[in-house]
1. Can you report the number of residues in segment 1-21 which are over 16 Å from Ala67 (Cβ atoms) and either under 14 Å from the mean Cα position of the chain (by Cα) or among the polar types (S, T, N, Q) (or both)?
2. Among Asp53, Asp149, which is charged (D, E, K, R) and over 20 Å from Phe6 (Cα atoms)?
3. What is the residue count in segment 66-87 for residues that are small (Gly, Ala, Ser), surrounded by fewer than 21 Cβ atoms within 10 Å (Cβ to Cβ) and assigned to a helix (DSSP H, G or I)?
4. Take segment 43-65 and flag every residue that is open to solvent by 40 Å² or more (accessible area, probe 1.4 Å) and within 16 Å of the chain's Cα centre (by Cα).
5. Would segment 43-55 turn up any residue that is in a helix (DSSP H, G or I), touching a residue at least 60 places away in the same chain (Cβ under 8 Å) and under 22 Å from Gln179 (Cβ atoms)?
6. Might you check whether a residue that is closer than 23 Å to Glu19 by Cα, in contact with a Leu (Cβ under 9 Å, 6 or more places away or on another chain) and not aromatic (Phe, Trp, Tyr) occurs anywhere in segment 96-106?
7. Tally the residues that are open to solvent by 50 Å² or more (accessible area, probe 1.4 Å), in a loop (DSSP other than H, G, I, E, B) and touching a residue at least 40 places away in the same chain (Cβ under 8 Å), restricting the search to segment 6-35.
8. For Met11, which of the numbered conditions (1) in contact with a Pro (Cβ under 6 Å, 6 or more places away or on another chain); (2) within 30 Å of Gly203 (Cβ to Cβ) fails to hold?
Amino acid sequence: MLDADFFRRWMTAAAASVEHEAERLTTLDSPIGDADHGSNLQRGFRAVRDALDKEPPATPGAVLTQAGRLLISTVGGASGPLYGTLLRRTGKTLGDAAEVDQRQLAEALRAGTEAVMRLGGAAPGDKTMIDALVPAVDALGDSFTAARDAAEEGAVATTPLLARKGRASYLGERSIGHQDPGATSAALLIAALADAAADAEAGGE
């Protein structure tokens, strides 16, 4: 079972990953976006990490709901509302339970992903974060490792796609040949989840 501490570790791992990969995310964003994806997410996840350290929420749902609110208020551009919606809807779907299982998390993350699709109007194949999230959610029923691998494969697979949503869509065919930064950061989020699960299995709880 996964408790609030597990979800705090997930968000802390995500913050560390974004911190480490911020420059790469911004480099990916440079040719097809505003060259600020890494710095924006870095600012947001720092705020999430600091808030969770200062006053940890008591339930898994509360951890993700708070993280989502902070991302909406601190991350600029489209990333704040999109990631904020993902985590808030996932957290609200988990409800007030003190512990959840992997299946419940997969269902909640699917609800969060669907909320992002409604907000941004994106579908798989549009060269967005959805291209990493949808396969990750589909694979999460098998294992955390499978979800991580599926998200990474989904992010890499955006490279030859034509962007149909977001800032990159304005470039038309010039968006082809660039890996989508949003899908890349979404894969980092799922990889952080797999890391938190691996730590728990190794006795890190």
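The values are calculated or read from the model by the stated rules, or taken from the named source; none is laboratory data. All of these numbers come straight from a predicted model, not from anything done at the bench. For neighbour counting, all protein chains shown are included, and Cβ atoms are generated from backbone atoms with ideal geometry for every residue, glycine included. The protein model used for the area step is the full one, side chains on, heavy atoms only, and it has no ligands, DNA or RNA in it. Shrake-Rupley method; radii C 1.70, N 1.55, O 1.52, S 1.80 Å.
1. 1
2. Asp149
3. Looking only at that region, the number is 2.
4. Correct list: Arg43, Arg46, Arg49.
5. No, the conditions are met nowhere in segment 43-55.
6. No, every residue in segment 96-106 fails to be closer than 23 Å to Glu19 by Cα, in contact with a Leu (Cβ under 9 Å, 6 or more places away or on another chain) and not aromatic (Phe, Trp, Tyr).
7. Of the residues in segment 6-35, 2 are open to solvent by 50 Å² or more (accessible area, probe 1.4 Å), in a loop (DSSP other than H, G, I, E, B) and touching a residue at least 40 places away in the same chain (Cβ under 8 Å).
8. Met11 satisfies every listed condition except (1).
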